[in-house]
Amino acid sequence: MKIGTLGAGLCGLAAAHTLNGAAECTIFEKYDTAGGCMASKTYGSYRLETLYHHCFSGDSVLFALLEELGLKDDLLWLKGSTGYYAKGKLEPVTTPSEILKWSALTLPQKARLALFVLSARSFDADALDSITASSYLKEKVGDGVYKAFFAPLLRSKFGPKADSVSAAWLMSRVAIRSDRGTEGERLGYLKGGWHRLTDAFCALLTQKGCTIKTGCPVTSIAYEDGKWLINGEAFDAVISTIPPQELGKICKTPHALQCPKVPYQGAACLTMGLKKDPAKGIYWTNMGEESPYGAVVVHTNFAPFEWYGEHVAYLTSYFTGSVPENLKERMITDFTRRFGLERSDITHADLYIEQLAGPVFETGYKKRIPPLTLGPRFYSAGMFSEENYPERSMEGSLKAGIRAAEQLLSDIREETKGETKAEPKEETTEA
Ligand SMILES: Cc1cc2nc3c(=O)[nH]c(=O)nc-3n(C[C@H](O)[C@H](O)[C@H](O)COP(=O)(O)OP(=O)(O)OC[C@H]3O[C@@H](n4cnc5c(N)ncnc54)[C@H](O)[C@@H]3O)c2cc1C
């Protein structure tokens, strides 16, 4: 049995891992490295994720994988301090005393916000799927807190789509980020970087006979005589982990496959080496003002500075459609001005663009989650799958890949059972 997998992100790797031993697996990856959204790049003497990544305390599938790869002991729980930038100043908002001093909200507004955050510990995602985050927030925390705190965050994360995002997404986001003690939240990071996970995962798969073809975009899929042809090569089954609308473009058999359209957005992330810490020791600063980036993520205020030998920061932004013009320059100009740096404090700056960085969970998404099975022995899973709803994560993509492979194996078992049952019948007839 030959199985082709599209995409060497966590979902594709997890699918191949689950199929291990039961099938001969080939993974096609368009980029030169595996890892997808979690892939890393070399910057001088260190490797770093092109898009900031940390994990959360409930990521049990990820932990099991790290255990299997011999990396579990290297998972560190680091302090994820937070800040908020508004009215020209950066304020820390990690500890209760910092939140009390925070000037963006009045005391009653802070109390309302705190109660709202507590309510996120149990919420009904199904019921909130059809309500917009903005209307829900206005009702729960009032216009003042909405305008001063949430509106800029929603705008920076979803741009023009900010008003259509569901309250289910919002509450899952609040819930995941509110798992914190008095010293703030603890977030998981792999000693040395997540590339160690991707490298070890790929090495294990290769050792077990899986072929990983990097630098190999899939440009055509066709169905002929019961076989799937991926770039002309025949396979018995396919697991696609690429965005469904991309799949629709390369699929030459539109009648056999229904590829749903999922609203996606792009991510633009500037990775910089810096001579100074721009954020007073804070890891994650949300921008409460209009700026070309929504957050400043100072990686070396999270992972130890010694691993890198310089301060490392990301400026993050999301976009819909095309990348805003002259974005890198606008980001740098704005960042140096607001955070008191000279251009010469930036030792390197690399703008990474991912056009399809993830689905936008607009209202009603739950009912539109694409099906797992798109055609005969053809499965589709990834950031758009139910495991990643209402918020995508490494954990969700691992689970989605595992479920796709399990479904494939189960379907094959059913087919084989049917054949085995049919055989004695034929023999009886012949006899
Ligand atoms: C900015 C950002 C920050 C994030 N931070 C976190 C975080 O802190 N914690 C967390 O848990 N999650 C985080 N995530 C989410 C997490 O990265 C994803 O859920 C997960 O990595 C997605 O894995 P995937 O395999 O489903 O998809 P992808 O990683 O998108 O993998 C799909 C793969 O398919 C390949 N591909 C696409 N088209 C083709 C083609 N035609 N032919 C061959 N290959 C193709 C792509 O190159 C890619 O490698 C973040 C995501 C983003 C965008």
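The values are calculated or read from the model by the stated rules, or taken from the named source; none is laboratory data. Treat the numbers as computed from the prediction; the structure is a model and nothing was measured. Cβ: placed from backbone, ideal geometry, glycine included. Neighbour counts: every protein chain shown. These area figures cover heavy atoms from the full protein model, side chains too; ligands, DNA and RNA do not enter into them. Shrake-Rupley method; radii C 1.70, N 1.55, O 1.52, S 1.80 Å.
Counting only residues that are part of a helix (DSSP H, G or I) and charged (D, E, K, R), which one in region 36-76 is surrounded by the fewest Cβ atoms within 10 Å (Cβ to Cβ)?
Only one residue tops the list, namely Asp73.
In region 96-208, which helices (runs of 4 or more DSSP H) lie fully inside it and hold 1 or more residues that are more than 18 Å from the chain's Cα centre (by Cα) and not aliphatic (A, V, I, L, M)?
Once the helices (runs of 4 or more DSSP H) in region 96-208 are filtered for at least 1 residues that are more than 18 Å from the chain's Cα centre (by Cα) and not aliphatic (A, V, I, L, M), what remains is 96-101, 107-119, 125-128, 133-145, 151-158, 195-207.
May I ask you to verify whether Ile212 is in contact with a Ser or Thr (Cβ under 8 Å, 6 or more places away or on another chain) and without any contact (Cβ under 8 Å) to a residue 60 or more places away in the chain?
No.
Restricting to region 365-378, and then to whatever is open to solvent by less than 60 Å² (accessible area, probe 1.4 Å) and within 20 Å of the chain's Cα centre (by Cα), can you tell me which residue is nearest to Gly7 (Cα to Cα)?
My answer is Leu372.
Would you check which residues across region 172-208 are modelled with pLDDT under 90 and in contact with a helix residue (DSSP H, G or I) (Cβ under 8 Å, 6 or more places away or on another chain) and list them?
Within region 172-208, Ser172, Val174, Ser178, Thr182, Glu185 qualify.
With the requirement that a residue be crowded, with 17+ Cβ neighbours inside 10 Å, more than 12 Å from the ligand (Cβ to nearest atom) and aliphatic (A, V, I, L, M), what does region 16-31 give you?
Once the filter is applied, which keeps residues that are crowded, with 17+ Cβ neighbours inside 10 Å, more than 12 Å from the ligand (Cβ to nearest atom) and aliphatic (A, V, I, L, M), region 16-31 yields Leu19, Ala23.
Looking at Leu90, Leu107, which is the one that is open to solvent by less than 40 Å² (accessible area, probe 1.4 Å) and either out of contact with any strand residue (DSSP E or B) (no Cβ under 9 Å at 6 or more places or on another chain) or within 18 Å of Val298 (Cα to Cα) (or both)?
The unique qualifying residue is Leu90.
In this structure, is Ile402 touching an Asp or Glu at 6+ places or on another chain (Cβ under 6 Å) and among the β-branched types (Val, Ile, Thr)?
Taking the combined requirement at face value, the residue does not satisfy it.
Take Ile332 and tell me if it is under 23 Å from Leu13 (Cβ atoms) and either assigned to a helix (DSSP H, G or I) or within 25 Å of the chain's Cα centre (by Cα) (or both).
no
Hey, among Ala279, Ala303, Ala313, which residue is in a strand (DSSP E or B) and either within 21 Å of Glu185 (Cα to Cα) or at pLDDT below 95 (or both)?
The conditions single out Ala313.
Find all pairs meeting these conditions: Cβ atoms under 7 angstrom apart; at least six residues apart or on different chains; first residue within region 116-137 and more than 16 Å from Tyr389 (Cβ to Cβ); second residue basic (Lys, Arg).
From region 116-137, the pairs are Phe116/Lys140.
Scan region 5-14 and give yes if some residue there is open to solvent by less than 40 Å² (accessible area, probe 1.4 Å) and more than 14 Å from the ligand (Cβ to nearest atom), otherwise no.
No, that holds for no residue.
Would you check if Leu115 is over 22 Å from Ala268 (Cβ atoms) and either touching an Asp or Glu at 6+ places or on another chain (Cβ under 6 Å) or surrounded by fewer than 17 Cβ atoms within 10 Å (Cβ to Cβ) (or both)?
In short, yes.
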